[in-house]
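The structure appears right after this line, and notes come after that.
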Amino acid sequence: PGGCFFFTVNLADRRLRLLTEHVDALRSAFRETGQRHPFRCRRHLPDHLHAVWTMPQGDRDFATRWRLIKSTFSRNFAVDEPISASRAAKRERGIWQRRYWEHTIRNEEDLARHIDYVHINPVKHGLVKRVRDWPHSSFHRMVKLGIYPEDWAGDLAELGKNFGERS
């Protein structure tokens, strides 16, 4: 309870770009969920999310938050995606992968490393050449707060494709 967590949440079809093509709906889903179930967050890419959440004291229910974010976002789309029999039986959509990956942040260094990973991810996936070029990043807010310089991380050629990955 009250901890900090890193998540990876994927669309079921990783070829889709729903999260950036419908960024306002995604932001609305996060905002609506956060009003009822507070948390602090940094996030996302076209086909998946990396998020670092800090939960309120005494609260560890991130599963409800993810369920609400996914369902709120999914309501913006007609039901025309392929749905398996098991999903149909449970009245689930086929937009999101069912599960997500979660990591408990252990300390300040671990937090900083995961936030850096969230920010560098659009560069790593070849979506932009520099972190500052990704318009959907919390990086811009952190630059305004003086936490990062605007030219943080340079470009992919300087970093290499394995930035943030375990060796």
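The values are calculated or read from the model by the stated rules, or taken from the named source; none is laboratory data. Remember, predicted model here, so these are calculated numbers, not experimental data. Methodologically, a virtual Cβ is constructed for each residue, glycine included, from the backbone with ideal geometry; neighbour enumeration extends over all protein chains shown. With ligands, DNA and RNA removed, areas are computed over all heavy atoms of the protein, side chains included. Shrake-Rupley method; radii C 1.70, N 1.55, O 1.52, S 1.80 Å.
Within the listed set D116, D80, D13, the Gaussian network model of the chain (springs between alpha-carbon atoms below 10 Å) gives the highest mean-square fluctuation for D80.
Under the convention that each Lys and Arg Cβ holds +1 and each Asp and Glu Cβ holds -1, the size of the dipole of the chain around its Cα centre is about 560 debye.
Evaluate the relative contact order of region 5-159 (contact order divided by residue number), counting alpha-carbon pairs under 8 angstrom at least 6 apart; express in whole percent. Before the final figure, lay out the partial values.
Details: 193 pairs, mean separation 41.4, N = 155.
This gives 27 percent for region 5-159.
For H37 and K129 in one chain, what is 0.36 nm times their gap in residues minus the Cα-Cα distance, to one decimal in nm?
Working: separation 92, 0.36 × 92 = 33.12 nm, distance 3.53 nm.
Extending this stretch completely gives an extra 29.6 nm.
On a per residue basis, the chain carries 58 Å² of accessible surface, using protein heavy atoms and a 1.4 Å probe. Residue ranges 131-137, 98-104 sort as 131-137, 98-104 when ordered by packing (mean number of other C-beta atoms within 10 Å per residue, highest first).
Residue separation times 0.36 nm, minus the C-alpha to C-alpha distance between N76 and I147: what's the value?
Numbers: separation 71, 0.36 × 71 = 25.56 nm, distance 3.46 nm.
Gain on extension, N76 to I147, equals 22.1 nm.
Label sites at K90 and A112, each approximated as a point 7 angstrom past Cα along Cα to Cβ, lie 4.0 nm apart.
How big is the Cα convex hull of region 74-113 in projection, averaged over all directions, in nm²?
Working: hull surface 18.3 nm².
For region 74-113, averaging the hull's shadow over all directions gives 4.6 nm².
Among the protein heavy atoms of region 1-142, carbon and sulfur supply 48% of the accessible surface, probe 1.4 Å, non-protein parts ignored. Across E21, E108, E92, mean-square fluctuation computed from a Gaussian network of the chain (C-alpha pairs under 10 Å connected) peaks at E108.
Here, region 59-149 has an Rg and a Dmax of 17.3, 50 Å when only alpha carbons are counted. Measuring from centroid to centroid over Cα atoms, what is the spacing of region 2-27 and region 79-130 in Å? Cα centres, region 2-27 to region 79-130: 6 Å.
With 5 Å bins beginning at zero, the pair-distance distribution over Cα atoms of the chain amounts to 1, 8, 16, 20, 20, 16, 10, 5, 2, 1, 0 %.
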